[in-house]
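Read through the structure below, which is laid out as structure tokens, and then see the notes.
The values are calculated or read from the model by the stated rules, or taken from the named source; none is laboratory data. These numbers come from a predicted model, not from an experiment. Here the Cβ is made from the backbone with ideal geometry for all residues, glycine too, and neighbour counts use every protein chain on show. What goes into the accessible areas is simple: the full protein's heavy atoms, side chains included, and nothing from ligands, DNA or RNA. Shrake-Rupley method; radii C 1.70, N 1.55, O 1.52, S 1.80 Å.
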Amino acid sequence: MSFLDSVSPQWIEEQYLLWKKAPHSIPVEWTYFFNGLEIGASTTVPEVTSIDSDAARKIAAVQALIHRHRDIGHFHACTDPLTPCKREHPLLSLQSFGLEKADLDRVFPVEDFTPAQASLREILRILRNTYCRSTGIEFMHIHDPRKWSWLVEHIENAHYHPVFSLDDKRVILKNLLSASLFEGYLHRKFPGQTRFSLEGGETLIPMLDAVVTRAGSQGVTDLILGMPHRGRLTIQTHIFRKKYESIFAEFRNTESPGFVGDGDVKYHRGFSTDVPLENGENIHLTLVANPSHLEAVDPVTEGKARARQDRYGENGAARVLPVLIHGDASFAGQGIVAETLNMSHLEGYATGGTLHLVLNNQIGFTTLPRDARSTCYATDVAKMLSAPIFHVHCEDPEAAVQAIYLALDFRREFASDVVVELICYRRHGHNEGDQPYFTQPLMYEKIKNRPPVHQLYGERLEQEGFPTVEIQEMSDTIGRELERAFDSSPIEADPPFLGRWSTIHQDSATRKIETGVPGPQLLSLTETMTVFPPGFTAHPKIDALYQRRRDAVAKGKEIDWANAEILAFATLLHEGTSIRLSGEDSRRGTFSQRHCVLFDMQTGNSCIPLSATASDAAVFRPYDSLLSEAAVLGFEYGYSLESPESLTIWEAQYGDFVNGAQVIIDQFLCSGESKWGRVSGLVLFLPHGYEGQGAEHSSARLERFLQLCAEGNLQITFPSTPAQYFHLLRRHAKQPFRKPLVVLTPKSLLRNPDCVSSLDEFTSGWFREVLTSSADPEKVTAVLVCSGKLYYELAKKRAQENRDDTAIIRIEQLYPLRDDLLREELGRFRHVRSCTWVQEEPRNMGAWTYIRPHLAGILGSDPKYAGRGEAASPATGSIRQHRQEQEKILVEAFTG
């Protein structure tokens, strides 16, 4: 019985009037029913009670049939190679709509469908061919009517579907054969070696080949690919055209890495190349190096893509295509995926749409989907973007290539993300040494008997008349090429510092870099950036803040921390260095100290005063980030990899927020140069200092960074004056090499009247890694060594107690530590009887365990320690206890 059978005509008329008044207030089935009434009417809709209710009901049922195929047709699609295809779906049967076989040849008028009038048989044929074959399509969650209509038009109309020529099919078959034979060759020649085979998912190769050719025809000049390790070697050889010889050399461990460092396993390394297109142009392909944290590469890839887009300018988003390959388990299971997706339409992070390819092996290591996710599909998280999702059967490579065409066309039209999921399987275990029968015996019994996709596709082409002998010749040619490459000499890898990095030095030896700026220039730049656009109404407090900044520079004194930062930015912009600053609330500043973006009190319009100081070659790009640390830091790291000439800065709202980004820090920032030969000049601003704000807002975990330091991989600094901060930022931009810079920035010092600098300190000099003491060396018998804001508390205590027998030395750069400068400074005090390291952090945190052996080596004996005792938590949450602890440190420093 249909849903209309028990309804009275009077009630139908009431609903019809309601629908005319508010179409979205009643269920969708009624909308289709009343649309059917109006479509069926010749001129005007007659009285509902006199309508042929059966005809109207049938029209509405057909419209509902169309809607439901669009909505859930993917459930009936045949997309799983390990599961028999469903012959019928109960919700898509004619009976579920009150239709019957007798209606198949009846012609129905339909809305939003092509053709506008067709037999039910023809409508069903179009719907089944579109939604229920080798591709399941999800798009009914998309709320934008433009996107929805575009998809319907391009999915359902045969006019938009590609017709694969014989040459097209030959290319697909060759890609499948190349991938399969290459993987099989590696399996035979290097048995037992881990390679994370693509076998079972070889259709990914013709898909990626289609991405390159289609994107190139659309004007894309750069493709940035981020992916995990499965299939990475095959993609390098067959998409990036890396020589077989190089891959074989990596398996033999005979290749020259081309850089000084530790290197990495072959399935983590990056690669880049130019690939020629049919139009005679080249497309530059970049494969981003990636560790085993599978999805951590996602924001790094997006950052690299955005940096290139920014460099290209107005048409950058159309020229640079980011592509991300995901595993099904990681796409559903890792939070950084959602964080990266959330960036897609944000001003500071958008990349014009990303193509996501999900390689669904139907298993994560040994974990089945029912234990790996709570959603129906692995791709459901992408619905947060209203992105279309195409689920494709891996054994229908033509359908997979067609999905790529639609996806790229959609991305070009709407600059939005799109997802293509290739549902396949993994022929071997997680790696080639695993035994999958231990945990999935039934699944792998099916896989064992499954012929490879190139064989299935070859048989399909033979049925279409493709010569069997040509397939064999194609296979023989690939085999001969593999044998030739295997017997050849290995190819040395290219050095990493090419192209735009060719001017960057690998040598990071300490150099004194003059970073002073003439006073008149500083005053001129200050005047420029403290004049707002005509008619702009700034907040009165912000207006006063900018006037104080101008007055401080004009008077040449009391230049505070935020003013020093703005001066550093202004001078670099004026000299042609672009700056990108991002973080949570970074435009205003967590502590309301920066205010580099202002908002009109009358209109809400914004202005960036610093932009007026920039030369034509420089841009200042400040952004408030999404509430994420891992994804945003990964993005900025990727951005820095593409911007050796720019200053790229990520600011944590509080220093401890790096806790949420530890994977990016460990796997990319600290070890990327050693593993992959890729250097970064990324700057981290980490507010750090003990002000009684509890465990979460005190420590930037300095000890972790110092533990990660080795082989000159990082620069860890703890500047204590505005002028030092100014020179540090300028030094970093002007160094001939690139290293990540960690700056422990202050909180209370932002408004400490003692933490100011005079203009003279900005006009000459450089960043000093060790700040000397002004105490008389002949009177000094005790030396205190510290970093950061604690200096001001020690200096105040020293003055209160008139302790001219005590010198205070500040270490402004903890790594690389300038032992020579520290030795020279300590050597000035000939009468010293004690040397004490003073810190705010607990004994098992902070710099103590790092600095102790250095000081001992200089002194010839262990230094004393003044600071908090060992603790599980970085700081107390009690302001009273904090003050007691802080006073105890000061007492110990002067009595120890």
On each of the three principal axes the extent of the alpha-carbon atoms of the range 674-745, given in whole Å and largest first, is 41, 30, 15
Length gained if ARG252 through SER96 is fully extended, taking 0.36 nm per residue and subtracting the Cα-Cα distance, is 50.0 nm
Whole-percent carbon and sulfur contribution to the accessible surface of the chain (1.4 Å, no ligands, DNA or RNA) stands at 49
Each label sits 7 Å from Cα toward the beta-carbon; between ALA338 and VAL163 the label points are separated, in nm, by 4.7
For the chain, longest principal axis from Cα atoms; helix 28-40 axis from its Cα atoms; angle between them, nearest 10 degrees, is 50
Restricted to the range 328-471, the DSSP antiparallel beta bridge percent, nearest 5, is 10
Karplus ³J(HN,Hα) for the range 858-864 (6.51 cos²θ - 1.76 cosθ + 1.60, θ = phi - 60°; Hz, whole; x = Gly/Pro) runs 7, 7, x, 7, 5, x, 7
Ratio for the range 480-625, C-alpha Rg to 2.2 N^0.38 Å, reads 1.55
Once the dipole of the chain is set up from charges on Cβ (+1 Lys and Arg, -1 Asp and Glu), the residue from the list ALA116, SER489, PRO276 lying farthest towards its positive end is SER489
Per residue, the convex hull enclosing the Cα atoms of the range 617-760 spans a volume in Å³ of 133
extent check for the range 275-428: Cα max minus min per principal axis, descending, whole Å, gives 46, 34, 29
Placing +1 on each Lys and Arg Cβ and -1 on each Asp and Glu Cβ in the chain, then taking the dipole about the Cα centre, the residue among GLY516, SER625, PHE331 whose Cα reaches farthest towards the positive end is GLY516
Residue-normalised 222 nm signal for the chain, counting each DSSP H run of n ≥ 4 as -39,500 (n - 2.57), nearest 500 deg cm²/dmol, is -12000 deg cm²/dmol
Beyond 19 Å, the calculated P(r) of the range 101-208 holds a percent of Cα-Cα pairs equal to 65
proj_area_mean for the range 688-808 (convex hull on C-alpha atoms), units nm², value 9.6
Among beta bridges assigned by DSSP with both residues in the range 699-838, the antiparallel ones amount in percent, to the nearest 5, to 25
The rounded separation in angstrom of the Cα centers of the range 61-107 and the range 695-734 is 62
Taking a probe of 1.4 Å and leaving out DNA, RNA and ligands, the chain shows per residue an accessible area in Å² of 41
Taking Cα pairs closer than 8 Å and at least 6 residues apart, the relative contact order of the range 675-809 in percent is 27
Under the Karplus relation with 6.51, -1.76 and 1.60 and θ = phi - 60°, whole-Hz ³J(HN,Hα) for the range 434-444, x at Gly and Pro, equal 7, 10, x, 5, 4, 10, 10, x, 5, 4, 7
Sorted by chain and number, the residues with a modelled amide H under 5 Å from that of TYR815, at a separation of 5 or more or across chains, are ILE716
Given unit charges at Cβ for Lys, Arg (+) and Asp, Glu (-), the dipole magnitude of the range 605-712 about its Cα centre in debye, nearest 20, is 140
Scaled by the rule-of-thumb 2.2 N^0.38 Å, the alpha carbon Rg for the range 559-632 gives a ratio of 1.14
Computed on Cα atoms only, the convex hull of the chain has an orientation-averaged projected area in nm² of 46.5
In this structure, the FRET efficiency calculated for LYS796 and THR273 from their beta-carbon separation, with R0 = 45 Å, to the nearest 0.05, is 0.15
Among TYR791, THR745, PRO451, the residue whose Cα sits farthest towards the positive end of the charge dipole of the chain, when +1 is placed on the Cβ of each Lys and Arg and -1 on the Cβ of each Asp and Glu, is TYR791
Contour minus Cα-Cα span, HIS345 to ILE542, at 0.36 nm per residue, comes to 67.9 nm
Computed from the beta carbon distance with a Förster radius of 35 Å, FRET efficiency for ALA856 and LEU523 to the nearest 0.05 stands at 0.15
Length gained, GLN117-ASP54, 0.36 nm per residue minus C-alpha separation, equals 20.9 nm
Those GluC sites (Glu not before Pro) from the range 738-797 that are DSSP loop and have at most 14 other Cβ neighbours within 10 Å turn out to be GLU778
Here the percent of antiparallel bridges among DSSP beta bridges lying wholly in the range 546-678, to the nearest 5, is 15
Scoring the range 93-171 by relative contact order with C-alpha pairs under 8 Å, at least six apart, yields a percentage of 17
With the 8 Å Cα cutoff and a minimum separation of six or more residues, the range 773-896 has a relative contact order in percent of 27
For ARG828 the rounded accessible area (nearest 10 Å², probe 1.4 Å, non-protein molecules ignored) is 90
Measuring from its Cα centre, the chain shows a charge dipole (+1 at each Lys and Arg Cβ, -1 at each Asp and Glu Cβ) which, in debye to the nearest 20, is 2000
Projected area averaged over all directions for the convex hull of the alpha carbon atoms of the range 812-896, nm², comes out at 6.2
